[in-house]
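Visitor: I'd like to ask you about the structure that follows.
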Amino acid sequence: MSREVVALVEALKSMQEHTTYKAGVEWGKPRGGHPEGKIGLHIEELERNLERLKKKTNISEKEEAKLRLLIHAHDTLKVHARPGVPIIHPYSHASLAKDFLSQFIDDHDLLEMVQRHDEPYSLYRKHRKGQNVDDRMTEMVDAIEDLRTFLLFNIIDSCVEGKKRDPLVWFLHQIDEDKRQGIDHSCILPNLRVKQAT
């Protein structure tokens, strides 16, 4: 493993040992898009999706380490979030997750991915309402340097029980083929049965 990968792996371990993380993964009950309930169960599902995706496309050690950090950080602060606020609001779950993750890494691009992880879905909803989202889409794509990892994460996070694939298909279609770097509709994962909340 390269030093960079080791640092990412160590950051994940440190984050998982933090009391904020431990409390965050215990939070949640079944809700729209998340029939599994607890954040920890969602993380387990995404870990399985990462393993499934590795069989469909080549994922480097560095990409895998980044994806694991995204998987474990992106929703873990929902317990403290204000429902219904915009993605950029300081008390959105994305902003809180970004702030939390920044305690363990100083990778601006990875922090940007955490902040924007739900933005493709938000843009899809605005598009479906007839709004022009071209400028916001361009701004988001330009803001993320490692677009391939961001796309891989969106596949991992979108291909779960309780979520339709339409927003993901639409998002992939919006990204120029050369920018997708081999990520396309063939990477979309079918549903698996997941552990339901009890």
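Visitor: If I filter the range 148-167 down to residues being charged (D, E, K, R) and part of a helix (DSSP H, G or I), which single residue comes out as farthest from Glu36 (Cα to Cα)?
Guide: Looking at residues that are charged (D, E, K, R) and part of a helix (DSSP H, G or I), I get Arg148.
Visitor: What number of residues within the range 31-45 are within 17 Å of Lys164 (Cβ to Cβ) and touching a residue at least 12 places away in the same chain (Cβ under 8 Å)?
Guide: 7
Visitor: Also, quick follow-up: Being without any contact (Cβ under 8 Å) to a residue 24 or more places away in the chain and either crowded, with 20+ Cβ neighbours inside 10 Å or over 21 Å from Gln103 (Cβ atoms) (or both) is the filter here, so list the residues in the range 59-81 that pass it.
Guide: Ser60, Glu64
Visitor: Being loosely packed, with under 15 Cβ neighbours inside 10 Å, under 25 Å from Leu8 (Cβ atoms) and among the acidic types (Asp, Glu) is true for just one of Glu112, Glu145, Glu177. Which residue is that?
Guide: Testing whether each residue is loosely packed, with under 15 Cβ neighbours inside 10 Å, under 25 Å from Leu8 (Cβ atoms) and among the acidic types (Asp, Glu) leaves just Glu145.
Visitor: Only one of (1) surrounded by fewer than 16 Cβ atoms within 10 Å (Cβ to Cβ); (2) of a type in the set (A, V, I, L, M, F, W, C); (3) free of Cβ contacts under 8 Å to residues at least 40 places away in the same chain fails for Met1. Which number is that?
Guide: Evaluating Met1 over (1) surrounded by fewer than 16 Cβ atoms within 10 Å (Cβ to Cβ); (2) of a type in the set (A, V, I, L, M, F, W, C); (3) free of Cβ contacts under 8 Å to residues at least 40 places away in the same chain leaves (3) as the failure.
Visitor: Residues that are at positive phi and modelled with pLDDT of 90 or more: does the range 156-176 have at least one?
Guide: no
The values are calculated or read from the model by the stated rules, or taken from the named source; none is laboratory data. Worth saying up front: this structure is predicted, and the values here are computed from it rather than measured. Quick reminder, even Gly has a Cβ in these numbers, built from the backbone with ideal geometry, and neighbours come from all protein chains shown.
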